[in-house]
């Protein structure tokens, strides 16, 4: 496994330290970011399961101002449904800290990006969002990249992202 991949209980034990650093530095604090399980190596069945276990393990509670969410899929309706569900369940504003469509089709990426930006800009519970990523490879492939392989050229997707009106 890669990244932090902390069990919810382990993250809850560390959370008071995160809260202290945020308070001391005047930072707003988001939840740990979780994504739906799309591989066979997952700590929990879903992002909701992870957050539920994390919140249950916090004593007396984990303080956070917004829910940090990742989404890797190509369905705007699934993304919207997920965001609606999270907003209703957790009652916090949402920051989509990573969103991407793992596709080999540039046209599919472009269509997803355009529809997604419109939905995120108008979603009442989404405060912030960011495309993932400037440069990708591996399981996401290179199609979702905002920059070309040389990091000097903005891709078609990057041009659309840069030119889109930003309301959040």
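For the stretch 96-114, which residues satisfy the criterion of being in contact with a strand residue (DSSP E or B) (Cβ under 8 Å, 6 or more places away or on another chain) and either free of Cβ contacts under 8 Å to residues at least 12 places away in the same chain or in a helix (DSSP H, G or I) (or both)?
113 - this is the single residue of the stretch 96-114 that is in contact with a strand residue (DSSP E or B) (Cβ under 8 Å, 6 or more places away or on another chain) and either free of Cβ contacts under 8 Å to residues at least 12 places away in the same chain or in a helix (DSSP H, G or I) (or both).
Name the residue, out of 103, 31, that is surrounded by 17 or more Cβ atoms within 10 Å (Cβ to Cβ) and touching a helix residue (DSSP H, G or I) at 6+ places or on another chain (Cβ under 6 Å). So that I can check it myself, show each step before the final result.
Details: 31 fails: touching a helix residue (DSSP H, G or I) at 6+ places or on another chain (Cβ under 6 Å).
After applying the criteria, what remains is 103.
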Could you tell me which residue of the stretch 55-95 is nearest to residue 110 (Cα to Cα), considering only residues that are within 13 Å of the chain's Cα centre (by Cα) and touching a residue at least 60 places away in the same chain (Cβ under 8 Å)? 72
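Considering only the stretch 44-93, state which residues are out of contact with any helix residue (DSSP H, G or I) (no Cβ under 6 Å at 6 or more places or on another chain) and in a strand (DSSP E or B). Give the derivation first.
Keep residues of the stretch 44-93 that are out of contact with any helix residue (DSSP H, G or I) (no Cβ under 6 Å at 6 or more places or on another chain), which gives 45-49, 51-52, 55-56, 59-61, 64-66, 68-70, 72-73, 75, 77-79, 81-93.
Passing the criteria: 66, 68, 69, 70, 72.
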Contacts under 7 angstrom Cβ, first residue in the stretch 115-138 being on the phi > 0 side of the Ramachandran plot and loosely packed, with under 14 Cβ neighbours inside 10 Å, partner in a helix (DSSP H, G or I) and modelled with pLDDT of 90 or more, 6 or more apart: none
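The values are calculated or read from the model by the stated rules, or taken from the named source; none is laboratory data. For clarity, every value in this text was computed on a predicted model and none was experimentally measured. Here the Cβ is made from the backbone with ideal geometry for all residues, glycine too, and neighbour counts use every protein chain on show.
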